[in-house]
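First up is the structure itself, then whatever we jot down about it.
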Amino acid sequence: MTTPTDLQTPHYYAERLREYAEIFKLGNFHNPPTIFGQIAEKIESRQVTRQSLNDAYKRLVDAVWQEFCEESWQSDILNDVDKIIKKGSAKIKDALQILNDTTEPQTTCNQIVHLATAQSDRPRRMHLLCYAYLILMEGVYDGVMRFLYAHHLGLGMANTELKDIKTRFTKDAAGLSLLSVWNATVRNAIGHATYYLDAQTETIRFEDHRSHNPPVTLSFDELRVLVVETSSIGTALAVLLILRVLVPLNFGEVSQVFSLPD
C-alpha cells in the first residue's frame, strides 16, 4: 500500500479550503467562509461523501450569488466575470497567479476604504478614496482585465492596453459591466496629483495635463461609487476563480484520493 504524500492527506485539502475562506472574508462574505470551514472539518475527520461535497458546492454557489448581488450592477459584474471564466477554462497556475498578484493590493485598498469611512472630514475621506482608486487601477483592475481578456480570446498571456480591451469587449458584447469604472483621466490626475477638491460644492475636478482629454468632474458620492464598483470587480474575479476552478479541483481530488462513497 502506498504511503500518502503531503498532497494526499485530509489536512492538506482542508487547509486549502481554509485559505479560500480567508480570501472570501476579504470580500466581506459571511456564509461562504463558514461553509468552507464546515467542509474542511468533515474532510479532516473523513466524514465526507461525494454527496456532501456536491451539497457544499451548491450551498457555496447560492451563498456567493445571494451575498454579492444586492444591487443589479453587482449581479451584472458577477455574471459577466463568470461567463468569461467558464468560457476560458482557466488553468490552475493562471488562477493562482492572478489571485496572488491581486490579493495584497485588494487588501490594502480595503484598509484604506475602512480608514476613509471612519473620517468625519469629507475632503480627507475623498483624498483617501482617490488613493484607493489608484491602487485598485494599478494593482488589481489592470491585471484582472488582462486576465479576462486573455481568457475571452483563448490567449496564454495578454499585455493589451486597457483601451484596446474596452474596444474588444464592447465589440463582442462581453464584460460590459466591467468597463465603466476605467477612467484614464481620473487615474492619471490622481497619479500626478492634478485633482482638486471643492468642499463647498462637494465635487472633485480631475485634470490630466499629459493628455488632450478634457477634465472630469465627479461629485464626492460619484467617486465613492466608483471605488466600490472597481473593488467589486476584483472581488468577483477572486471568488469566482476559487468557486469555478480551485474548489472543484479540491473536491475532485478528495473524492479520488480517498475513494469516497456516493
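Some points to look at:
- FRET efficiency, 1/(1 + (r/R0)^6) with R0 22 Å, evaluated for Asn28 and Glu104 via beta carbons: 0.80
- Note on the chain: GNM, Cα springs under 10 Å; of Gly156, Gly88, Gly37, the largest mean-square fluctuation is that of Gly156.
- In Hz, Karplus ³J(HN,Hα) per residue of the stretch 250-260 (6.51, -1.76, 1.60; θ = phi - 60°; x = Gly, Pro): 4, 5, x, 5, 4, 4, 6, 5, 9, 6, 5
- Computed from phi, the 3J(HN,Hα) profile of the stretch 147-160 under the Karplus parametrisation 6.51, -1.76, 1.60 (θ = phi - 60°) reads 4, 5, 4, 4, 6, 5, 9, x, 9, x, 9, 8, 10, 5 Hz, with x in place of Gly and Pro.
- Placing a pseudo-label 7 Å from each Cα along the Cα-to-Cβ vector at Ser75 and Lys58 gives an inter-label distance of 2.2 nm.
- Here the extension length gained between Thr170 and Glu202 equals 8.3 nm, from 0.36 nm per residue of separation less the Cα-Cα distance.
- Placing a pseudo-label 7 Å from each Cα along the Cα-to-Cβ vector at Glu19 and Arg46 gives an inter-label distance of 2.5 nm.
- Over the chain: helical MRE at 222 nm, DSSP H runs n ≥ 4 each giving -39500 (n - 2.57), nearest 500: -21500 deg cm²/dmol
- With respect to the chain, whose longest principal axis is taken over its alpha-carbon atoms, helix 122-136 is tilted by about 50°.
- Phi angles across the stretch 58-69 convert, under the Karplus curve 6.51 cos²θ - 1.76 cosθ + 1.60 with θ = phi - 60°, into 3J(HN,Hα) values of 4, 5, 5, 4, 4, 5, 4, 5, 5, 7, 7, 9 Hz, Gly and Pro given as x.
Throughout, read-outs are computed from the coordinates displayed, never taken from laboratory work. Small disclaimer: the values here were computed from a predicted structure and weren't measured. Neighbour counts are summed over all protein chains in view; Cβ atoms, including those assigned to glycine, are modelled from backbone coordinates with ideal geometry.
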